[in-house]
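Engineer: This is the structure, below, for whatever I ask next.
Values in this text are rule-based calculations from the coordinates and carry no lab data. From a predicted model like this one, the values you see are computed outputs, not experimental measurements. Here the Cβ positions follow ideal geometry from the backbone for every residue, glycine too, while neighbour counts run over all protein chains shown.
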Amino acid sequence: MWYRRMFGLVVVGAAVAGAAVACKKDSTAPCLPKDLSGSWALLGLTEPPNPPIGPPSATGTLTLTATRYKVHIDITIPSPTTVDDSGAYHVTCTAIDETSDNVSNGQATGSYTLSHDTLTVNVTSQAVNVITVWKKQ
């Protein structure tokens, strides 16, 4: 089941990508970090080309500090799965590198977009691509 094999670092990496930075439109201006510490609620997730799922079939929360994340996700389809993970992350204007505290999860890298209070991230870990969408609480 694709939802089972994507969990751990990939879902978390996707989520944490939002704790990134905002870049100025002037290409000569440096990227300035934006503090997105706080709580986020899961709106949806997918592993392309599979269709996205969201509440009530997939629910979750993400808590961010300046350098750390903690995530909890419950998925009810196709079979019940729970993801609990935490770790460290580093971001630039458009990219993220994230490492789980669980060594077997490895590392995830990807990109993100942030529009107002909605975060969309696209990351890959161990050849698995996952897209998640989060809303700031």
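Engineer: For segment 99-113, indicate whether the set of residues that are touching a Phe, Trp or Tyr at 6+ places or on another chain (Cβ under 8 Å), surrounded by 14 or more Cβ atoms within 10 Å (Cβ to Cβ) and on the phi < 0 side of the Ramachandran plot is non-empty.
Structural biologist: As a first pass, look at segment 99-113 and keep what is touching a Phe, Trp or Tyr at 6+ places or on another chain (Cβ under 8 Å): 99.
Now narrow it down to the ones that are surrounded by 14 or more Cβ atoms within 10 Å (Cβ to Cβ): 99.
Adding the requirement that they be on the phi < 0 side of the Ramachandran plot leaves 99.
Yes, because at least one residue in segment 99-113 is touching a Phe, Trp or Tyr at 6+ places or on another chain (Cβ under 8 Å), surrounded by 14 or more Cβ atoms within 10 Å (Cβ to Cβ) and on the phi < 0 side of the Ramachandran plot.
Engineer: Does His72 satisfy the condition of being surrounded by fewer than 17 Cβ atoms within 10 Å (Cβ to Cβ) and in contact with a Ser or Thr (Cβ under 6 Å, 6 or more places away or on another chain)?
Structural biologist: Numbers: surrounded by fewer than 17 Cβ atoms within 10 Å (Cβ to Cβ): yes; in contact with a Ser or Thr (Cβ under 6 Å, 6 or more places away or on another chain): yes.
So His72 passes the test.
Engineer: Within segment 49-84, can you find the residues that are more than 19 Å from Leu119 (Cα to Cα), outside any loop (DSSP other than H, G, I, E, B) and in contact with a Phe, Trp or Tyr (Cβ under 8 Å, 6 or more places away or on another chain)?
Structural biologist: Result: Ile75, Thr81, Val83.
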